[in-house]
Amino acid sequence: MTVKRTPYAVQGGAAGSAPSKARVIAAQSTPGGVTGDYGDSPSIEMSPLIEGLLDAAWLVEPQSLRVLAANSQAAALLGIDVSALCRTDALALAATPQDVAFWEAARSGAMDSADAQTVLSDAEGKLVPVLRRVTRINPGSLADSRYGVYLVVMRDRRPELRAQAELEERLSELRATLDSTTDGILVLDLNGGIVNFNPRFVTLWELPQALLAERDNAAVAAWMLRRVTDPVTYSKRLQVLTESPSLEGTDVLNLRSGKVFERRSLPQRTRGQTIGRVYAFQDVTESHEVQRHSQPPSSNDALTGLPSRQLVADRIDYALALAQREGIAFALLHLNLDRFKPINDALGPAAGDRLLIDVARRLTATMRQVDTVCRLGDDEYLMLLHQADMQRAEGAARRVIESLQPPFVIDGVNLTVTASVGISLYPGDGSTAEELLQAADAAMADMKAAGGAGFRLHQQRVGATVVTLRTRMKLDLAMRQALASGRFRLHYQPQVDLKSGDIVGAEALIRWRDPELGDVSPTEFIPVAERSGFIVAIGAWVLQQAVQQAALWREQGRELLMSINVSALQFQQADFVDSVARALAEAGLEPQRLELELTESILVQDAQEALHRLQALAELGVKLAIDDFGTGYSSLAYLKRFPIGRLKIDRSFIQGLPDDEVDVGIVNAIVNLGKALHLDMVAEGVETEAQRLFMLNTGCTQYQGGLCAPALDALSFDELLDRGPDFEQDRPDTGDWIESGS
């Protein structure tokens, strides 16, 4: 039999089309077209083998490549009837040079089975994409044949390719829609991983291209967190959305840049299952500004209904005019709730708002009708007392303190709330509204520093620096901008073994140089950060940076302990232990290389809660120390229960050594106490060799201070380590090295 072959197809052309498949017929087919007589090959009944297959199928004789049989699905695939297919060969049906080479190799017996994506030419010359599987069936598997055959099974890929093309078209349309929308779109999976985003999202959040190229989900999330003015509320909202995947909502984000975003959040679902979350960010800064300027300022606080700040300012001006005209004194009481932030964090903002409302009601009940109670913001209130001298002002302050003593019941929880109250009097504490407000604020700050839960009259201080309300607000804003802009930095003060002189550790100390304010001392900005709650964000940054530096030193073979100060507010955060574990894991630092320094006040505010948290940290492997020991309110019972490893003797007891008998007695007592409790001890602020020798003789184990070095940047610290333990030869003048250590 002679088989006429059609030329194979050329991609994109018509050469691969068969002019007429019927013209390749060169043998008489049997009725039905599924059996055939091919010379030496026996007649084999093929239909039971291939007709039951769902896909198109042929049987091909290996040596001649003749199509012995074909099923009806093959006929439908190519538009050629079965009898015509059974009068051709595999080479005649090949549409690509690769297929011709394939079948030539098959003729030589070099192939047993193969899978491939290829194309066939149908009756009209059109290319049909198929997924082809060729399997050699040995003679023993055919009941009456001595010869093997190739079973060729083909699956039509056109439906799959059409669906893929439609999907790509829809994705293209979706991408075009995302790219053209004025909203910034961010799509996350359930684990917080970034799935998709559009260019508008990148523009709104000013994301660096380098950050996007890294595809670092955590880095992008941290970038966004640093740009909002209230990262605590922002984080809590994200946590709620993560824990409730089906939750929908809209909120407003205020950015440090001054922009205002409206954020809409919707769950992403497929087949009824939530698979992620879609965020849409819209810049509403302009509309907010228009609304703010178009509406007159409210005369009442939106939350409590108390008079607004502007209204009370007007009343203070009136009281000043009246007092100056008639010689009548008046007083201002500035009240700040003690430990409101932990309550608000524990119970949630809604419960915190209800507490603020209840406080406002009690304060109003203690005042006369002629007096004014105003909410300054957050948990601060101001009271204006007309015709009030010192005695009446103190009486009003006592009534205020007493009014807060009965427990507040919020959501079924009894809360005990105290407050710090500062008092300023006209004319003794100022002749202008600003001076009187500053005086009351300073007195309140003094009361809070003394432990709170009381009131204090303003005291005139000559040469003292008073952080005014306006200064606090300016510092608070500058701090937030500094953290976002990377202006904070860490210095490290060496901790030295008293016996060997080796540097065995470092205390991380924050430093800030502002382009407008210059070098800002921690003693100035840390108290402001603690009052505003921003100390939590600063503390998280310090923890991350210090742990990374410690890990770097560890990689360099430097066996150092990294000590980090922890604020009370940071320690009280519910996720504090987790944040420490996360920082260690991300940096790859062993927990025993990290020491957290806590003040005594942290341990006594809520001893039971502190114990649980300290135990969790100890189980993690982190070391714990009490900082500035001797200046707080430590209890020996607490020291026995808490998993504390070191005491740091405050520098105020070191300064008078070895000549001051009182300091000598105190230091000896602290060292003996530490020995009894099996605690290591570190002397802070050692500036002279005499002080070092005294502490060595007491049995103290380590020291830090200007005798060795002040707090240094990381590079200078490395240079100090390279010089070795002997600092006597090149120690600079002590006066140049003295540092507060804050």
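The values are calculated or read from the model by the stated rules, or taken from the named source; none is laboratory data. Computed from a predicted structure; not experimentally measured. Virtual Cβ from ideal backbone geometry, glycine too; neighbours counted across all protein chains shown. Ligands, DNA and RNA are excluded from the accessible area calculation, which covers all protein heavy atoms including side chains. Shrake-Rupley method; radii C 1.70, N 1.55, O 1.52, S 1.80 Å.
Work out the FRET efficiency for residue 284 and residue 390 from their Cβ-Cβ distance, taking R0 = 41 Å, and round it to the nearest 0.05. Don't skip to the answer; put the middle values down first.
Values: r = 50 Å, r/R0 = 1.21.
Once rounded, the FRET efficiency stands at 0.25.
Treating only the Cβ of Lys, Arg, Asp and Glu as charged (+1, +1, -1, -1), what charge dipole size does the range 212-261 show about its Cα centre? Round to the nearest 20 debye. Each step should come with its number before you reach the end.
Working: 7 positive and 6 negative charges, 51 e Å.
Around 240 debye, computed over the range 212-261.
Placing a pseudo-label 7 Å from each Cα along the Cα-to-Cβ vector at residue 481 and residue 164 gives an inter-label distance of 5.5 nm.
Where the only charges are on Cβ atoms (+1 Lys, Arg; -1 Asp, Glu), what is the dipole of the range 375-422 about its Cα centre, to the nearest 20 debye? Please list the in-between numbers first.
Values: 4 positive and 7 negative charges, 40 e Å.
Result for the range 375-422 is approximately 200 debye, rounded to the nearest 20.
Taking amide H as placed 1.01 Å from N in the peptide plane, the amide H of residue 68 sits under 5 Å from that of 59, 60, 61, each at least 5 places away or on another chain.
Straight Cα distances below 20 angstrom link residue 474 to the lysines 259, with same-chain residues fewer than 8 positions distant left out.
Looking at the range 558-601, the trypsin sites (Lys or Arg not before Pro) that sit in a DSSP loop and have at most 16 other Cβ atoms within 10 Å of their own Cβ are 558. When peptides 534-547, 120-133 are ranked by their average number of other Cβ atoms within 10 Å per residue, the highest-first order is 534-547, 120-133. Charges were assigned to the Cβ only: +1 to each Lys and Arg, -1 to each Asp and Glu. The resulting dipole of the range 361-514 about its Cα centre is roughly 180 debye.
Probe radius 1.4 Å, ligands and nucleic acids ignored: give me the carbon and sulfur share of the accessible area of the range 217-265 as a rounded percent. Walk me through the intermediate numbers first.
Values: 1340 of 2430 Å².
Result for the range 217-265: 55 percent of the exposed heavy-atom area is carbon or sulfur.
Kindly give the semi-axes, whole Å and largest first, of the ellipsoid equivalent to the range 275-408, taking each as the square root of 5 times a Cα gyration tensor eigenvalue. Could the numbers behind the result be given before it?
Values: eigenvalues 232, 105, 18 Å².
They are 34, 23, 10 Å, listed from largest to smallest.
Modelled spin-label separation between residue 236 and residue 250, with each label point placed 7 Å from Cα along the Cα-to-Cβ direction: 2.3 nm.
Calculate the FRET efficiency for residue 693 and residue 723 from the Cβ-Cβ distance with a Förster distance of 25 Å, rounded to the nearest 0.05.
Details: r = 22 Å, r/R0 = 0.87.
With a Förster radius of 25 Å, E is 0.70.
At full extension, residue 221 and residue 524 could sit 106.1 nm farther apart than now, given 0.36 nm per residue minus the alpha carbon distance.
Against the 2.2 N^0.38 Å scaling, with N counting residues, where does the range 180-282 land? I'd like the Cα-based Rg ratio to two decimal places.
On the way: Rg = 13.1 Å, N = 103, 2.2 N^0.38 = 12.8 Å.
Dividing the Cα Rg of the range 180-282 by 2.2 N^0.38 Å gives 1.03.
The lysines whose alpha-carbon is closer than 22 Å to the alpha-carbon of residue 648, local same-chain residues fewer than 8 away aside, are 499, 623, 640, 675.
Largest accessible area first, the residues 698, 135, 242 order themselves as 242, 135, 698 under a 1.4 Å probe with ligands, DNA and RNA left out.
Evaluating 6.51 cos²θ - 1.76 cosθ + 1.60 at θ = phi - 60° for every residue in the range 55-66, the Karplus couplings come out as 9, 5, 8, 10, 10, 10, 6, x, 7, 8, 6, 6 Hz, glycine and proline recorded as x. List residues of the range 317-347, by number, whose backbone nitrogen lies under 18 Å from a label position 7 Å along Cα→C-beta of residue 435. In the range 317-347, the label zone of residue 435 (backbone N under 18 Å from the point 7 Å along Cα→Cβ) covers 317-333. Treating r as the C-beta distance of residue 353 and residue 513 and R0 as 35 Å, the FRET efficiency rounds to 0.40. Each label was represented as a point 7 Å from its Cα along the Cα-to-Cβ direction; for residue 611 and residue 346 these points are 1.6 nm apart.
Please enumerate, by chain and number, the lysines with C-alpha under 17 Å from the C-alpha of residue 448, excluding those fewer than 8 residues away in the same chain. Hits, sequence-local ones excluded: 341.
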